[in-house]
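As structure tokens, the structure follows; a few thoughts come after it.
The values are calculated or read from the model by the stated rules, or taken from the named source; none is laboratory data. Note that this is a predicted model, so its numbers are computed, not measured. FYI the Cβ positions are ideal-geometry reconstructions off the backbone, even for glycines, and counts take in every protein chain you see.
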Amino acid sequence: MAVGSFFGSFDWSAFLNALILGVSIASIWLIAALGLTIIYGTAGVINMAHGEFIMLGAYSSYMLQNYVGLPFFLCVPAAFVIVALVGLILERGLIRYLYKRPLDTLLATFGVSLVLMQGVRLIFGSDPKYLAVPPIFTSNFQLGFVNISAFRVIVLGITIALVVALWALFYRTRFGVQVRAVMQDKEMAASFGINSDRVYMLTFAIGAGLAGIAGSLFGVLNIVLPTMGTGYVVQAFLVVVVGGGTLAGSVIAGGATGELQSVFAYFTNDTFARFMLYVLIVVFLRIRPQGLFAPSAKRR
Amino acid sequence: MRTSRRSFLKTAALGAGAAIAAPYGFVRTIDQAWGAQSWIKKGEPIKIGLLFSLSGGLAVPEEDSTLVMQYAIDEINKAGGVAGMPLEPVIVDAKSDFKVYSEKTKELILRNKVVSIFGCYTSASRKAILPTVMAQDHLLYYPTCYEGAECTQNTICTGPLANQHSKDLIPYMVQQFGKKVFFVGSNYVWPKESNKNAKIWLEKAGGELLGEEYIPLGGSEFGPVLNKIRDAKPNFIFSTVVGASDIAFHKQFKQEGFKVDSMPIASLTTGEIETRAMGNEFGAGHFLSAPYFQALDTPTNHKFVEGFLKSKYGKNGTTHYNMEETYLSAYVFKYGLEKAIKAVGIDGITPRVIRDHSAGIRVEDDVSPEGLIWIDDQNFNCWLKPKIGQCQADGSFKIVKAADTQVAPDPYSIYPDIGKCTADGLKGPDGKLRKSVI
């Protein structure tokens, strides 16, 4: 198809569809990044095992569905609990000894990611698993010329709900005040009687649990495989780094990258869209290395 | 002694020279050793290498290849082996890493002294190990489909080439569903070359190409592509998406509200194992072109399916085209080796001799689950019957069309200017012979 004829056939309905799809892609990027945002933003841990937390979320949904017979919509919160517990154990057993050495967390969590991946392969085998969903999730909505699949709407809804819940947790509860105090200055917060150890532990668990939710949703959109997380972790890191490690930053960064991906893909193709997006991100980080909304606190 | 700057430089240069020369010297001595000592000895097991990934991203299809090879080897050994000698597999894990593929190839040839290597699933890994295989004049059995455009004297392939794969599928789809088609593929060499072939069949069938889109390998976001397809309104989609992406593609196809009755996907890759992974409701109604389906109704296939699934290697619960092509390669090897031993005796066997004697080897209906195939005596690919299957609601395939006769493999069908692949090398239009072309 010639470029000329392509622009000649530009029509607003298709473009609008691309914009709507962009919102959906953004929600997928964002939900993958939410857990990482919290873990990185609060504790400064570069969690390379985030993709494997996503994978564990998908596998725990698969397990509950196939061996316990839980309906899918209950598997999602259950995945949160299971992966949060895994995160909790990991934090207590390993990560807490590394808070003073943020670069070492990178290596340690990378090792953990390999262990989790191979462990799941040993238990479940390397063949892909299947996650069943109710038939209404596999249909789509059509309003005039606007098309969107039901499941994408659900992912978007859950993403919005999680962002609101996280905002409320961080800015409307006593625990949130403690988290923000620890983020700004751990020693000062500790001297005011805040148990920073506990704060780190809980935020790490919540972050892991959020990855679990994302995983149980991606298992439906995509495929359940031991290696499924590796594809998402890059996107998640991009969103977190561009956003600067804050919740608001991640929301805006996720929205912008998802939307740009969809619009570029609409005008050219998927491969070129990724190329353009990554070039733009590199340029952006050259100009603003701290990201969109970096916390104004003292840097670690 | 104090080392002067000059003498230091001299020693360093000598050392560097020796380091560069060393591997070549090493290889030459090994070569000489091979001249004296035969590859297989009477009464001793025949070693063959199985080079597939058992971990990493390629493990899903390649683990099955290893399992089915072990099954075939057991079967051959139970029936008395090759010329009275049992086969002994040397199994290595290539870890889905191209560097490991080429390292392990060297190890299999030089250290384990296997007489042939069975391996690889992707063109990328094949191209990674072929230089080593050719340098050692060894033999690779490549047991799956690929794009062609290679002419080496060290490969035997038992899967369909691009020129055989979509030959029937495209005209069939145009006839059944309409002329307008949209191509979707993974972004690497095989889908692009396959699509070049498909375009030729499409033109012959009078079809019209509305668009061509490629998704990065492993990518899982098909929203933008599906939006374009929705706007283009094709009659069917021709897919060369592979692996995990393929499963995401079929899932999102249905989730985005596309109807399989009015716009099915005609794929070269979506077989029994992919359908199981995506769930039957996402696979039902779509089409696949392959030489083998688990549902093929022949006594040989029933025996193969039952025997394999009951054996200790059948834990994944299904057979599919890639497995069957791998299974065939074991028999092509057995027959080729038997013929070679008859011709030159056990002491004369080298990998190259096996390859030269494999020209025209036939695997008959009573052994080959897909039916009679034979190895082309010029390019050493496989004459086979491509079949078209439609996925049913239970995840099995119904065969809707099978070619009447075996289709000839032609690795250079879309590049006639480059030449024709013969047994001794690629013969250009100017009559020049080029060996080992990859």
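If only one of B:Ser245, B:Ser220 is in contact with a Ser or Thr (Cβ under 9 Å, 6 or more places away or on another chain) and under 21 Å from B:Ala290 (Cα atoms), which one is it?
Values: B:Ser220 fails: under 21 Å from B:Ala290 (Cα atoms).
Result: B:Ser245 is the single residue among B:Ser245, B:Ser220 that is in contact with a Ser or Thr (Cβ under 9 Å, 6 or more places away or on another chain) and under 21 Å from B:Ala290 (Cα atoms).
If you take the residues of the range A:212-239 that are under 10 Å from the mean Cα position of the chain (by Cα) and crowded, with 24+ Cβ neighbours inside 10 Å, which of them is nearest to the other protein chains (Cβ to nearest Cβ)?
A:Tyr232
Scan the range B:394-419 for residues that are at pLDDT 85 or above and closer than 14 Å to B:Gln378 by Cβ and jot them down.
Of everything in the range B:394-419, those that are at pLDDT 85 or above and closer than 14 Å to B:Gln378 by Cβ turn out to be B:Ala408, B:Pro409, B:Asp410, B:Pro411, B:Tyr412.
Please find, within the range B:175-210, the residue that is nearest to the other protein chains (Cβ to nearest Cβ) out of those that are part of a strand (DSSP E or B) and β-branched (Val, Ile, Thr).
Step by step, filter the range B:175-210, then rank; the result is B:Val184.
What residue, among those in the range B:381-410 that are in a loop (DSSP other than H, G, I, E, B) and under 17 Å from B:Leu268 (Cα atoms), is farthest from the chain's Cα centre (by Cα)?
B:Gln392
Residues in the range A:139-178 that are away from every other protein chain (no Cβ under 11 Å) and modelled with pLDDT of 90 or more: how many?
Looking only at that region, the number is 23.
So is A:Ile136 more than 14 Å from every other protein chain (Cβ to nearest Cβ), under 30 Å from B:Asp246 (Cα atoms) and surrounded by fewer than 17 Cβ atoms within 10 Å (Cβ to Cβ) or not?
Here the answer is no, as A:Ile136 does not meet what is asked.
Hey, could you check the range B:211-252 for residues that are among the small types (Gly, Ala, Ser), outside any loop (DSSP other than H, G, I, E, B) and within 22 Å of the chain's Cα centre (by Cα) and say which is nearest to the other protein chains (Cβ to nearest Cβ)?
That would be B:Ala244.
Regarding A:Ile39, is this residue buried (at least 18 other Cβ atoms within 10 Å of the Cβ) and within 14 Å of chain B (Cβ to nearest Cβ)?
So A:Ile39 fails the test.
Mind checking whether some residue in the range B:146-161 is among the aromatic types (Phe, Trp, Tyr) and in contact with a Leu (Cβ under 6 Å, 6 or more places away or on another chain)?
No, every residue in the range B:146-161 fails to be among the aromatic types (Phe, Trp, Tyr) and in contact with a Leu (Cβ under 6 Å, 6 or more places away or on another chain).
Looking only at the range B:253-273, count how many residues are in contact with a Gly (Cβ under 7 Å, 6 or more places away or on another chain) and within 9 Å of another protein chain (Cβ to nearest Cβ).
Residues flagged as in contact with a Gly (Cβ under 7 Å, 6 or more places away or on another chain) and within 9 Å of another protein chain (Cβ to nearest Cβ) within the range B:253-273 amount to 0.
Conditions: (1) surrounded by 22 or more Cβ atoms within 10 Å (Cβ to Cβ); (2) in contact (Cβ under 8 Å) with a residue 60 or more places away in the chain. B:Ile237 meets all but one. Number of the miss?
The single condition B:Ile237 does not satisfy is (2).
State which residue pairs qualify: first residue over 15 Å from B:Gly159 (Cα atoms) and inside the range B:305-330, second residue of a type in the set (D, E, K, R) in any location, beta carbons under 6 Å apart, and separation of 6 or more residues or different chains.
Between residues of the range B:305-330 that are over 15 Å from B:Gly159 (Cα atoms) and residues that are of a type in the set (D, E, K, R), the close pairs are B:Asn316/A:Asp127; B:Thr318/B:Glu272.
Would you call A:Ala79 within 14 Å of another protein chain (Cβ to nearest Cβ), in contact with a Ser or Thr (Cβ under 8 Å, 6 or more places away or on another chain) and either assigned to a helix (DSSP H, G or I) or on the phi > 0 side of the Ramachandran plot (or both)? Walk me through how you get there before you give the answer.
Working: within 14 Å of another protein chain (Cβ to nearest Cβ): no; in contact with a Ser or Thr (Cβ under 8 Å, 6 or more places away or on another chain): yes; either assigned to a helix (DSSP H, G or I) or on the phi > 0 side of the Ramachandran plot (or both): yes.
Criteria not met by A:Ala79.
Only one of B:Lys106, B:Lys78, B:Lys95, B:Lys113 is among the basic types (Lys, Arg), assigned by TED's automatic domain parsing to the domain that holds B:Tyr313 and surrounded by 17 or more Cβ atoms within 10 Å (Cβ to Cβ); which?
Just a single option satisfies the conditions, and that option is B:Lys95.
If you go through the range B:256-268, how many residues are among the polar types (S, T, N, Q) and crowded, with 24+ Cβ neighbours inside 10 Å?
The total comes to 1.
Can you say whether B:Tyr292 is closer than 30 Å to B:Gln153 by Cα, away from chain A (no Cβ under 14 Å), assigned to a helix (DSSP H, G or I) and in contact with a Pro (Cβ under 8 Å, 6 or more places away or on another chain), as far as the supplied structure shows?
no
Each row is one residue, and each column tells you yes or no for (1) in contact (Cβ under 8 Å) with a residue 60 or more places away in the chain; (2) not hydrophobic (A, V, I, L, M, F, W, C).
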| site | (1), (2) |
| --- | --- |
| B:Ser368 | yes, yes |
| B:Gln378 | no, yes |
| B:Gln392 | yes, yes |
| B:Ser396 | yes, yes |
| B:Tyr412 | yes, yes |
| B:Tyr415 | yes, yes |
| B:Cys421 | yes, no |
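Which helices (runs of 4 or more DSSP H) does the range A:195-300 wholly contain that include 1 or more residues that are touching a Phe, Trp or Tyr at 6+ places or on another chain (Cβ under 8 Å) and free of Cβ contacts under 8 Å to residues at least 40 places away in the same chain?
A:196-221, A:247-267, A:270-287
Of these, B:Val332, B:Val305, which one is surrounded by 24 or more Cβ atoms within 10 Å (Cβ to Cβ) and either farther than 24 Å from B:Pro61 by Cα or of a type outside the set (Gly, Ala, Ser) (or both)?
The match here is B:Val332.
Run B:Glu306 past the list (1) under 25 Å from B:Gly84 (Cα atoms); (2) at pLDDT 90 or above and report the number of the one that doesn't hold.
Every condition holds for B:Glu306 apart from (1).
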